[in-house]
Amino acid sequence: MSAVDNTRIIKNTILLYFRMFFTMGISLYTSRIVLGALGIEDFGIYNVVGGVVAVFGFINVAMSSSTARFLTFELGRNDAIRLKKVFSISLILHLFIALLVALFAELLGEWFLETQMQIPVSRLQAAKWVFHCSVFATCCSIVVVPYMAAIVAHEKFGTFAYLTILDVVLKLLIVYFLLCFSFDKLKMYALLLLVAQLIVQGGYVIYGYHKFHEARGLWVWERQLFKEMSGFAGWSLFGDLSFIAFTQGINILLNIFFGPVVNAARGIAVQVQSAVNSFSTNFQTALNPQITKTYAAGDINQMHKLIYASSKYSFFLLFFLSLPILIETPQIIFWWLNKVPEHTVNFVRIILCITLIDGIANPLIISAKATGKIRLYQMVVGSLLLLILPFSYLALKLNVNAEGVFIVHFIIALLAQIARIWILKSLIYLSVRDYFHQVVMRIVLVAFAACLLPCFLSYYLPSGSFYTLMICATSLFSSAFVIYFIGLGSAERLFVNQKIQAVTNKMKR
């Protein structure tokens, strides 16, 4: 990796982490207030109804990954003309998808809410209000995807930092309105979130239009490129359908079998997951364009190094934050929410374990998409992940408790990771042996060694706030110590030392 690439990745990562710490603090605070303002039942209704809309919008997930891949690839080849064609075609496709989603969602959505879901009759009209606001917000977000993909491809992550900060500030204002006015709080929450989303998405469009040449001027069309992008998106669609199945599909299953209170518990667990996952997501977001660009430039060896680094560092970042939460989940969740729905603690623990697997999976996913040859990958991995939904349904029909669906997810996520490594062996000539030694062995040793001391303390120390803080601090210290001395190689430790020394010198000045 060149010094320029290193500097760019570090700079982008710092910007994204600045955004993360600010937004995470406000988001966790607002989640507590919103839960209190709406109540557990309405909070669960909002969570599951929004999930229904996400099912209709899964087509957009496939197209967004397609757009990001093609824009980044053309930037790697420095082809400005084809870059403009890619953006134009993707924008046309997203406008069409938005209309399609709106049509099907409005035709089928109310029927599904009334006949298939457990929503109290007294809250059905409010749930429909949430649904219509969510459909409109989803359609608007679909249209904005090409502009967001262009920002990522150009690695302009400062824009993400500023607009995300705007987003969380608006959500904080929404909490203020919820507490100050006596309207139906669920309806108001849905409407105000829609307004906030429109403001932020408008910012992405305005920035993209003024900053990127490909986002301006007349639309252009190329049939062959349209066919190529549609084919890529079609296979991405199959893989992303599995993502919707084991996220929103499971959410709907939990509602059908247990009701909105369990949906509230899952919603809280997913918020914890999102907060923790942002530690690795920000790092990966800064590194992902480099993986695609090295492939486009034909530098496969450099691509492999980026995969190993991204996989390993992503796990370390996730594990560093997850370990204290995993050990002291009940007390931490109580501090945060005060009013904790049943199942929340178990949901949080299992979902965090799944997050650790997904963290090391992302670089492999980006690498497969960089090649453009994703048919076999999506057929195998997508089919495996699709099994989560029927197996979860079968488990619930056999009277397994709500935690069973997340255990099913965890097991299949492990199998999917093995499948990814096997497929990339032939797709990008990834060495299974090197991946095992440089990634798998390192993270297993780190996880085992870092857990010993805090788990010992947790088992023998009495309960109480002081002891919880002591165990959390020990977990963070143990993780950092083990990651530095076991997880990093000698060259990586030297690089870390140099960066720490550089920061120290600047502070002395």
Legend entry - Förster radius 41 Å - calculated FRET efficiency between Lys397 and Lys373, Cβ distance, rounded to 0.05: 0.60
Legend entry - Average accessible surface area per residue within segment 419-505, 1.4 Å rolling probe, Å²: 61 Å²
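Could you work out how much longer the chain between Leu198 and Ile486 gets when fully extended? Use 0.36 nm per residue separation minus the Cα distance between them, nm to one decimal.
Working: separation 288, 0.36 × 288 = 103.68 nm, distance 4.64 nm.
Stretched fully, the Leu198-Ile486 segment lengthens by 99.0 nm.
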Inset, instruction - Would you mind checking Lys312/Lys397; Lys211/Lys369; Lys185/Lys369; Lys312/Lys369; Lys84/Lys369 for any pair whose Cα atoms are more than 31 angstrom apart? - result: Lys312/Lys397; Lys185/Lys369
Legend entry - Under 12 Å from the Cα of Lys128 - aspartates and glutamates, other chains or at least 8 residues apart: Glu106, Glu110, Glu114
Legend entry - 16 Å cut-off, amide nitrogen to a point 7 angstrom out along Phe477 Cα→Cβ, residues in segment 419-450: 450
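What does the accessible area per residue of segment 288-415 come to in Å², with a 1.4 Å probe and no ligands, DNA or RNA counted? Let's see the in-between values first.
Values: 4860 Å² over 128 residues.
Ligands and nucleic acids excluded, the figure is 38 Å² per residue.
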Inset, instruction - Skip the ligands, DNA and RNA, and give the accessible area per residue of segment 63-105 with a 1.4 Å probe, whole Å². - result: 38 Å²
Legend entry - FRET efficiency, Asp299 to Met441 (Cβ-Cβ, R0 35 Å, nearest 0.05): 0.85
Legend entry - Label-to-label distance, nm, for residues given as Ser122 and His210 (7 Å Cα→Cβ offset): 5.0 nm
Inset, instruction - Mind ranking 424-437, 86-99, 199-212 by how tightly packed they are, going by the mean number of other C-beta atoms within 10 angstrom, highest first? - result: 86-99, 199-212, 424-437
Inset, instruction - Can you send over the carbon and sulfur percentage of the accessible area for segment 317-464, probe radius 1.4 Å, protein chains only? - result: 69 percent
Legend entry - Modelled label reach - Tyr467, point 7 Å along Cα→Cβ, segment 314-329 residues with backbone N closer than 18 Å: 324-329
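The values are calculated or read from the model by the stated rules, or taken from the named source; none is laboratory data. Note that the structure is predicted; figures quoted are calculated from it, not measured. Cβ atoms come from the backbone with ideal geometry, glycine included; neighbour counts cover every protein chain shown. All accessible areas refer to the heavy atoms of the entire protein, side chains included, with ligands and DNA or RNA removed. Shrake-Rupley method; radii C 1.70, N 1.55, O 1.52, S 1.80 Å.
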